[in-house]
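Right, one structure below, let's go through it.
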Amino acid sequence: MTAVLETPPKIDDRRAPAPKSPQRTLSRVADALLTGISKIAAIAVLLAVWEAAPRLGLVDATFLPPFSTVVQAWWDLAVSGKLLDNTQASLVRSLSGFGLAVAAAVPLGLLIGWYKPVATLLGPLLEVFRNTAALALLPVFVLLLGIGETSKIAIVFYACAWPILLNTISAVRAVDPTLLRLARSMDLSGFRLFQKVILPAAVPTVFTGIRLAGAVSILVLVAAEMVGAKAGLGYLINASQFNFAIPQMYAGIITISAIGVLFNQVLVSLERRFTSWRVPVGA
Amino acid sequence: MSAHIEFRGVTKRFEVKVRGSRQHTEFTAVDTIDLDVERGEFVVLVGPSGCGKSTLLDLLGGLTAPTGGEIVLDGKQVTGPGLDRGIVFQQYALLPWRTAQGNVEFGLEATGVPRRQRAARAREFLDLVGLTGFEDRHPHQLSGGMRQRVAIARSLAYDPQVLLMDEPFAALDAQTRESLQDELLRIWQRTGKTVVFITHSIDEAVYLGQRVVVLTSRPGRVKETVTIDLGDRTKQDDLRSSTEFARYRHRIWDLLHDEVSRAQQQEKEVVGA
Ligand SMILES: Nc1ncnc2c1ncn2[C@@H]1O[C@H](COP(=O)(O)OP(=O)(O)O)[C@@H](O)[C@H]1O
Ligand SMILES: [Mg+2]
């Protein structure tokens, strides 16, 4: 009996994933293909309905032109260079606000999460502002900063900062207490503790906040551009509607969605890279 | 000549809130503990749950300070944590973002072992706990027993004089636990470390300890110290079913029996209050 128990731990290796066999790889590829197809299928159906509904007279083609007409309009906008100019204007604002928010909210969140006095000091303030919708403050930003770039970047910054800040704070607070005890038992300095334990432990949750902020940055920007702007995708959509250029309006909307999806995809793959050590979901 | 580790009248009280009021009362977790541990000795502390075993280990680890008395390690009073003591926690406390190798190196980073030596040293200690070939696995890819092996390797790697273990095998299944007990005895013999081991399992206490210190239920005091004379466990087959083993087990069971029922009584009183 003991002889069995003393054999190397390979036998009690139940939780370790089995080595890849060619068969498994094959079935995995098939799985990926299948999910890929079903993902595309839903969108294809949506587009088909969009194409068919106006043509069959189910909806008014003036307000919802067939998808092919919208694609044509999108192409014309792209060729004329208008699309690029507006996209660029939006992206610059969006990414600046988002980047500034990451740069400011992550360190601030770490500070608030770790130092009780800072949390006590800033807690009530946070409570008030996090419950005030960013867009409700848009007029205030316009009043204070004008309708130029500053106010747009500022509102994106403001809206993006919240998810990042709140997630970072809870990330620090949720660090496994046994890890803190371990670090303390090893007499780690405050700086090393932060660098080697708190920061890496917080990364996944911080990234969740960053991903949320990515979506927020586009949402808020479009709204801001609709209120007062001379360029940007929000402006393009709003102006097209105003001029009754409905296909162009949809072209703008599609571009926004595509950018949103792309941005999210980039953030998700970044997140994967940094948190590859995490327990796979469902394992 | 004074002992390697000395507990001299160690008492620990906690301030606890009285429910439904703002007042605090004092709560004695461990009470005037006197205990000597020799260098290289394997001492097991056993007692009913809640009797202050973990509190004692925290005190020895320097994670908390005693309310009364003192703990002396090699003639110096313990005033804080240090790398001369390595703690192995029941919950393993592995860094999930690091591999087995990285977790062992984590211990070495604190001691200032040069980077180049760290990797080799970590591999050496993973080998000691039987984990060669698993260096690149992350904790979630390891079984519970293997995780605890990594944690033991980490504590040993930075070469503390004393290994403090707080119910390290309590979360493992019986077979894994027994194989790890053998492994631990083997490592102890090879490295000559002083081990202070906590458990609430009588079998584990008898199997591992050269001396078993039986604690009373709350507040924890030393009830009796039993010297276990079973020779070299690793050289014997099926020691657990020998009559000698049974005798020791019964003796400690006797000592603990009253304490366990007293502890359960206390729990009932707390719930009923
Ligand atoms: N930080 C603390 N504050 C208040 N009470 C504590 C604290 N730590 C432990 N205790 C209490 O001290 C007693 C002993 O705890 P512990 O040492 O964890 O027991 P054991 O490890 O023997 O199960 C328990 O009743 C526990 O509730
Ligand atoms: Mg305990």
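The values are calculated or read from the model by the stated rules, or taken from the named source; none is laboratory data. Predicted model, so just to flag it, every value in this text is computed and none were measured. Counting neighbours? That spans all protein chains shown, and the Cβs are built from the backbone with ideal geometry, glycine included. Quick note on the areas: whole protein, heavy atoms, side chains included, nothing else; ligands and nucleic acids left out. Shrake-Rupley method; radii C 1.70, N 1.55, O 1.52, S 1.80 Å.
Some values worked out for this structure:
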item	result
Förster radius 35 Å - calculated FRET efficiency between A:LYS116 and B:GLU109 (Cβ-Cβ, nearest 0.05)	0.80
Distance (nanometres) between label positions extended 7 Å along Cα→Cβ at A:SER68 and A:ILE37	2.6
Straight-distance crosslink candidates among aspartates and glutamates, where the alpha carbon sits under 14 Å from B:LYS12 and sequence neighbours closer than 8 are dropped	B:GLU26, B:ASP31, B:ASP34, B:ASP58, B:GLU70
Within chain A, longest stretch clear of exposed trypsin sites (Lys or Arg not before Pro) (DSSP loop, no more than 16 other Cβ within 10 Å)	A:21-229
A:SER27-B:ARG22 pseudo-label distance in nm [points 7 Å out on the Cα-to-Cβ vector]	6.5
Isotropically averaged projected area of the protein assembly as shown, using the convex hull of Cα atoms (one quarter of hull area), nm²	35.9
Calculated FRET efficiency for the pair A:ASP76/A:ALA44, C-beta based, R₀ 35 Å, to 0.05	0.90
Cα-based helix-to-principal-axis angle, B:144-157 vs chain B, degrees rounded to 10	80
Whichever lysines have a C-alpha closer than 24 Å to that of A:LYS230, once near sequence neighbours (fewer than 8 apart) are set aside	A:LYS82, A:LYS152
Positions from the range A:237-279 whose accessible area shrinks by 30 Å² or more when the full protein complex is built, not the chain alone, probe 1.4 Å	A:TRP277
Interface residues, the range B:158-198 - accessible area loss of 30 Å² or more versus chain alone, probe 1.4 Å	B:GLN175, B:SER179, B:ASP182
Chain lengthening between B:THR227 and B:SER241 when straightened (0.36 nm per residue, less Cα-Cα)	3.2 nm
Beta bridge orientation in the protein assembly as shown: antiparallel %, DSSP, nearest 5	55
Shape category assigned to chain A from the gyration tensor of Cα positions, a/c cut at 1.5	oblate
Percentage relative contact order, chain B, counting C-alpha pairs under 8 Å, at least six apart	24
Carbon/sulfur fraction of accessible area - the range A:93-225, other protein chains in place, 1.4 Å, %	73
Computed E for B:ARG8/A:ALA136 - FRET, C-beta separation, R0 56 angstrom, nearest 0.05	0.30
Solvent exposure, largest accessible area first (probe 1.4 Å, DNA, RNA and ligands not counted), of B:HIS138, B:HIS24	B:HIS24, B:HIS138
Solvent exposure of chain B as accessible area per residue, Å², 1.4 Å probe	44
Whole-percent carbon and sulfur share, accessible surface of the range B:1-45, 1.4 Å	47
Summed buried accessible surface, chains A and B, 1.4 Å probe, nearest 100 Å²	3200
Point-charge dipole on Cβ atoms (K/R +1, D/E -1) for the range A:93-225, about Cα centre, debye to 20	340
Under DSSP loop assignment and at most 12 Cβ neighbours within 10 Å, longest trypsin sites (Lys or Arg not before Pro)-free interval of chain B	B:23-273
Distant-in-sequence amide H partners of B:ARG137 (H built 1.01 Å from N, under 5 Å)	B:ALA100, B:GLN101
